[in-house]
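*Asks:* Encoded as structure tokens, here's the structure I'll be asking about.
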Amino acid sequence: MTEVSIWLAFLAGIVSFLSPCVFPLVPAYLAQLTGTNISDNQINADRKLIISRSLGFIFGFTIIFLLLGLSSTFIGQAFLGNRQLFEQIGGIIIAVFGLQMMGVISIRMLLSEKKLAVKPKKTASFANSVLLGFLFGTGWSPCIGLVLSSILFMASQADTMWAGVFMLFIYSIGLGIPFLLVALLWSRSLNKVRALNKWLPTIQKVSGGIMVILGILLFTGQFAVISAYLNRISQSLPFTI
């Protein structure tokens, strides 16, 4: 695993957060996490409560993603003898996912949502926020599923099981940090970040294009070459990126 893979995992987390399936629903998540409602264009909850419940939510979906990383790396180790074929198949899959995100193709199977119903409660505890994050991680929508599946494939190619788990941990950080920051902003005024909604389709298409390029690089075997080259450059610098 190289620095390129780590940064890709982190950026994938941010992209997942900015997906149309997650970002516009943050106010609803916050209202349910804190057991409050939205009025006067803000979340009626104390900032400390928002922080603690958001951290519980992040902790919940991080557990799921780490378990997924563990299982995918275990499967990848089983196919280690056919690594090149596995990478080519994965490259095709990631490119297809990218085309789906760009809107170039539309595969109905990839559009089917997986959701787990969670009954809102009038009072929310830290344990409930962890549970909600856990359910979010197990029942993600198609938007986050396409990106997450690509990162899971990359984790399956890691040399060790813990390297794959670490990649999913970085992905969770990329998804969790903007969630926490936006939660704090949204708790004061929904209009502060609502203007970003109009850019979500563009972000989705650009991210899909990056996934197509990544898929092609994996299929041709150039991703490993480029990653190794960039890793050598970073190691020669007097500072780390």
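*Asks:* For S187, work out the one condition from (1) within 30 Å of K48 (Cβ to Cβ); (2) modelled with pLDDT of 75 or more; (3) polar (S, T, N, Q) it doesn't fulfil.
*Replies:* Among (1) within 30 Å of K48 (Cβ to Cβ); (2) modelled with pLDDT of 75 or more; (3) polar (S, T, N, Q), S187 violates only (2).
*Asks:* At least 1 residues that are open to solvent by 50 Å² or more (accessible area, probe 1.4 Å), of a type outside the set (D, E, K, R) and modelled with pLDDT of 85 or more in each: list the helices (runs of 4 or more DSSP H) lying fully within the stretch 1-80 that qualify.
*Replies:* Where helices (runs of 4 or more DSSP H) fall fully within the stretch 1-80 and carry at least 1 residues being open to solvent by 50 Å² or more (accessible area, probe 1.4 Å), of a type outside the set (D, E, K, R) and modelled with pLDDT of 85 or more, they are 3-17, 47-78.
*Asks:* Which of the residues that make up the stretch 158-183 are surrounded by fewer than 20 Cβ atoms within 10 Å (Cβ to Cβ), among the β-branched types (V, I, T) and within 20 Å of I51 (Cβ to Cβ)?
*Replies:* The answer is I173, I177.
*Asks:* Would you check if there is a residue in the stretch 193-203 being more than 15 Å from the chain's Cα centre (by Cα), among the β-branched types (V, I, T), at pLDDT 75 or above and in a helix (DSSP H, G or I)?
*Replies:* yes
*Asks:* Looking only at the stretch 214-231, decide whether some residue is modelled with pLDDT of 80 or more, surrounded by 13 or more Cβ atoms within 10 Å (Cβ to Cβ) and within 30 Å of L25 (Cβ to Cβ).
*Replies:* yes
*Asks:* Of all residues being of a type in the set (S, T, Y) and at pLDDT 80 or above in the stretch 85-142, which is surrounded by the fewest Cβ atoms within 10 Å (Cβ to Cβ)? Just the residue, please.
*Replies:* S125
The values are calculated or read from the model by the stated rules, or taken from the named source; none is laboratory data. Model, not experiment: these values are computed from the prediction. Note that we place each Cβ from the backbone using ideal geometry, even for glycine, and neighbour counts take in every protein chain shown. The accessibility values were calculated without ligands, DNA or RNA, using every heavy atom of the protein model including side chains. Shrake-Rupley method; radii C 1.70, N 1.55, O 1.52, S 1.80 Å.
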